Protein chains: 2
Amino acid sequence: MQCEIITIGDEILIGQVVDTNSAWMAKELNLAGISVKQITSVSDDKQHIMNALNEARTRVDLILITGGLGPTKDDITKATLCEYFNTTLVRNWDVFREIKKVFDSRDLPYTDINQKQADVPVNCKVIMNTKGTAPGMWFEEFGKVFISMPGVPHEMMAMMSNFVIPKLKEHFETPYILHQTILVQGIGESFLSERIASWEDALPKGFKLAYLPAIGTLRLRLSATGEDKTKQEKQMKDLIDKLTPIISQYIYSYEDETMEQIVGRLLKEKGMKLSTAESCTGGYIAHRITSVPGSSAYFEGSLITYSYEIKENILGVKKETLEQYGAVSEQVVLAMAEAAREQFKTDYSIAASGIAGPSGGTNEKPVGTVWIAISTPHKTFAKRYQFGNDRERNIIRTSITALNLLRVELLKD
Amino acid sequence: MQCEIITIGDEILIGQVVDTNSAWMAKELNLAGISVKQITSVSDDKQHIMNALNEARTRVDLILITGGLGPTKDDITKATLCEYFNTTLVRNWDVFREIKKVFDSRDLPYTDINQKQADVPVNCKVIMNTKGTAPGMWFEEFGKVFISMPGVPHEMMAMMSNFVIPKLKEHFETPYILHQTILVQGIGESFLSERIASWEDALPKGFKLAYLPAIGTLRLRLSATGEDKTKQEKQMKDLIDKLTPIISQYIYSYEDETMEQIVGRLLKEKGMKLSTAESCTGGYIAHRITSVPGSSAYFEGSLITYSYEIKENILGVKKETLEQYGAVSEQVVLAMAEAAREQFKTDYSIAASGIAGPSGGTNEKPVGTVWIAISTPHKTFAKRYQFGNDRERNIIRTSITALNLLRVELLKD
C-alpha cells in the first residue's frame, strides 16, 4: 500500500518554512503500514496543483494533501479541488456551527471570510478540525482516495491521529506491522550503533531497526512485518530481552513517553514534590516539567538566577562560594540545588549552571561546560558535562540530562 | 527562471529525517532570482529517480538533485545519472587526490569503496567537495542544466555557496526578487486579511502577499519580481507606507527577528534590566528571553510560582490577595509583577497567571483565561486574555503576548 504526500504553499518553495509536516506524516503512515512513495511540494497555483494530483494518481492509490486551506486569498486548495473533481461548493452546517462556537467563545465577530470556511465540495466527506477552523476533506474519485488537510501542523496532526489513520486502516488492507520503541539517553548514535552491531546484524528476516535521533536523546524503533503475528510478537520480545543488557544503563523507556512525563509519573506515584534552580537553562527545565498537564500536583516552582546577585540574595548561595569557585562550579550548583529544596520545601530539586554559549567560555570552562546537581531526601550530588557550542542544543541537552538524573534517583528511592 | 529540487533518500520518505536542505536551497536560489517551481522527494530507486528527472525537465530548465552520493550500497544516484544520460563512469584524478588527502590526514585506509567516489560520469563537470568526499556534478543535457550534490547539509551548502550559485548567475539571466517581511501580533489571520483587503486587492502586477501564521504571531511577506529594480523598490516602499497605518498597532517588526530579540535589543539600548514572575507559563517566558545569546546583560532572573505557598512565601504576594481573588486574577498578577521587580531589583518585569489547561477551568475562569501584568519604572498594569483549550498553545501565546506588551512599553519609555 503506497501513498503520496503533496504539500501546497509558496512559503515552502521560497524556503521560508521547512516542511516538517511531511516527515511527521510519513512516520505515522509507515507505522500504519502505508509507505510513502513520493513527497511533492508545489506552489499555491491551480494548474500546478492539478498537475501534481494527476501525476500522483498514476503512481499511488492514496494522495494526502496539506496546506492552502486558510481563509485568505492565497489559499486556493479548496477551489482547485472543486474544479479538479468537477463539482461545486456547498455549506456544511456542522462545520459552520463548530466554527461559530469558536468565534462566540472568544467573543469575536464571525465574518464572511470565516463563514466561507464552512463551504466544502459536494463530493467530499468532511473531516472535523478540532484544533482550528478549516475542515479537512476526504474524497473517493477515479478509484483513488484523496485527503486534504490544513497545513498548520497541530491541526493536521490531530486530524491524522483521530480520524485519517484509523479510517485508512479500515479502508485499505494494510499489512500487519509490529513496532517496539526503545528510548535511550546519554549515548551518541554512532557509539550506540557500534555497541549493538552484532545484535543488529543478527536481526531475523522481516525485522528492521531505525535510529531516530533527537537532541539529547535517541529513539530506536524495531519494526517487524509479516504474516505470523504470534511468532513475531515472541521474536520481538526475545530481541528486546537480548538488547536490554547491552545498553541497559542508557534505556529510559520502552514506551513513547517524554522524560518529563516519566519524571512526573514517578513523583505523583510517590506523592513527592519537585523544584528547580536554573542558571544556564533559563527556565527550560521548569518549562518541560510544566508542559505536562497536571504538573501542579508535584511541581512547586523554580528560581531562575541569571546573575550572581540573584543567586546570592534570593536563592541564598553564599557569596564566598560564588567568588571562590565561580557560578559554573560543582560547589555552586550543589548549593543551588540544596537552596531550592529548602526554599521551595520540596523532596527533590534540580539545579543547573553552565556556559550555554555561543560565547563566554574560558580555557578551563569552555562553552558547553555544564554542572548539574540533584538533591534528594537522602543526598545531593553534582556531575559535570561537556556539551557543544550551540546555545539551543546545550540548553535542551542539559535539561534532558538533568531530568534523566532525577529519574534514576526516583527509581532508586 | 525556474528550477526544481529533487531530494533522494528513503530516510526522508519514512520520516526519519526532516528535509531541511530544500528550504535552505530554496532561500538561496530565491535570493539569486531563481524561483523553485517544485520540490520532489523520491526514494533510492533507479526507475523512480529517472521518472522524477523526466517530469522535472518538462517543467523547468534547471534541476538540482541532492542525496544518494554516499559510498554505501543504497546510494545509487551516480549510477542512475550515468544511465539517464546514457554515459559511463571515468575516474577523476583531481577528486581522487583530494579524497586521498582526507584519508591520509586521518590515518585511515583508502579503501576500494572510497576510491570509487572519484569516478564520475564522462559528461559532467566536477564540483569539488570541500567538506567531504563525494564530488558534486554539473550536467548540461537536453538543453537543461542538472546539478547533483551530496545530501549532507554542510557539504551541499558549501558547494551551493562557493560554486553553484555564482555559476548559475553566470549561466542564466536571472531577474531579481524583492521581499519585505512584516511581523504582526495580536490579530488573527482572517481579521487581518479583512482589514487589509482593499490594500491587498490593489497590489500592482508582479507583487504578491503571503500570510505565514505561527502560534501567537503572523508573518506577512510581500514579494515582487520584475525587470525594473529601481521602480519596484520604490513601489515596495510606497506599498509598505500605505499598509502601515492600517495595521500599525499590530506590527512589531519589518525584519526577520523574534519578539525576544527585539525586547532584548531595546533593553540593551536603554541599559535596563528585566525579571519575570511566572505561573501558568512555567518558565517559558524566561526561556524565550534567555534563548537570545547575551541575554545575561539585561535579564536578572525569574520566579516560577506554581503553588499558592510559593507565591506567598518566596515571591511575597499577600495571603489575603490570593485568598480573596484567587491566583488567576488581576490583583494577584499585579502583585506578582511588582514583587518580581522589587525582589530582582529590575527596571521592568513581566508576570503571568492563568489556566493553561487542558483542565482546571471554571465557569468564571474557563481554560485559556490568562492575566498578564507588566511593571515599568512608571506604572504597573494588567490585561486579561481568553485563549483556547490547548496547553502548549496557551503557554506560547501568553509568552509572546507578554513580550509584546513589554515591547510597547519599552518603546514609549
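No value in this document is a laboratory result; all are computed from the given coordinates. Keep in mind that what you see is a predicted model, and the values were worked out from it rather than measured. Reconstructed Cβ throughout: ideal geometry from the backbone, glycine too, with neighbour counts over all protein chains shown.
Observations on the structure shown:
- In the stretch A:259-412, the alpha-carbon atoms span a convex hull of 93 Å³ per residue.
- Relative contact order (%) - criterion: Cα under 8 Å, at least six apart; region: the stretch A:1-115: 28 percent
- Projecting the Cα atoms of A:Thr77, A:Leu192, A:Val332 onto the charge dipole of the protein assembly as shown (Cβ charges, centred on the Cα centre) puts A:Val332 farthest toward the positive pole.
- The Cα atoms of the stretch A:135-273 give a gyration tensor whose axes a ≥ b ≥ c have a/c of 1.5 or more with a/b no greater than b/c, which makes the shape oblate.
- This model, with +1 at the C-beta of Lys and Arg and -1 at the C-beta of Asp and Glu, gives the stretch B:290-413 a dipole about its Cα centre of some 280 debye.
- 12 Å beta-carbon shell around B:Thr58, net charge (K/R +1, D/E -1): 0
- Normalised contact order of chain A, rounded percent, pairs of Cα under 8 Å and 6 or more residues apart: 10 percent
- Sorted from nearest, the other copies put their A:Leu178 label points 6.4 nm away, the label point being 7 Å from Cα in the direction of Cβ.
- Lys, Arg +1 and Asp, Glu -1 on Cβ, resulting dipole of the protein assembly as shown about Cα centre, debye, nearest 20: 700 debye
- Applying Stokes-Einstein at 20 °C and 1.002 mPa s to the Kirkwood radius of the stretch B:135-214, computed over alpha-carbon pairs, gives a translational diffusion coefficient of 127 µm² s⁻¹.
- Across the alpha-carbon atoms of the protein assembly as shown, the computed radius of gyration and Dmax are 28.2, 85 angstrom.
- Per residue, the convex hull around the alpha carbon atoms of the stretch B:177-253 comes to 79 Å³.
- Counting Cα-Cα pairs of the stretch B:268-309 in 10 Å increments starting at 0 gives whole-percent bin shares of 30, 48, 19, 3.
- Our note on the geometry: Cα centres of the stretch B:130-177 and the stretch B:203-238, 28 Å apart.
- Short-range pairs are left out: with C-alpha atoms under 8 Å and at least six residues apart, the relative contact order of the stretch B:177-253 is 46 percent.
- Sum of -39500 (n - 2.57) over DSSP H runs of 4+, divided by residues of chain A (222 nm, nearest 500): -11500 deg cm²/dmol
- Average beta-carbon neighbours from other chains, 10 Å sphere, peptide B:204-210: 2
- Student exercise, the stretch A:177-253 dipole from Lys, Arg, Asp, Glu Cβ charges, in Debye to nearest 20: 160 debye
- Cα gyration tensor, chain A - rounded (a/c under 1.5), prolate or oblate: prolate
- With its label point defined 7 Å out from Cα along the Cα-to-Cβ axis, B:Pro71 lies at 5.8 nm from the matching points of the other copies, in increasing order.
- Computed from Cα positions, the angle between helix B:391-412 and the longest principal axis of chain B comes to roughly 70 degrees.
- Each other copy holds its own label point for A:Trp93; taking that point as 7 Å from Cα along Cα to Cβ, the gaps run 8.3 nm, nearest first.
- Which listed pairs, of A:Lys268/B:Lys268; A:Lys365/B:Lys412; A:Lys131/A:Lys237; B:Lys27/B:Lys237, have C-alpha distances above 31 Å, in listed order: A:Lys268/B:Lys268; A:Lys365/B:Lys412; A:Lys131/A:Lys237
- Within the stretch B:2-171, the proportion of Cα pairs with more than 22 Å between them is 40 percent.
- Fewest-first ranking of B:Ile165, B:Ile99, using other Cβ atoms within 10 Å as the exposure measure: B:Ile165, B:Ile99
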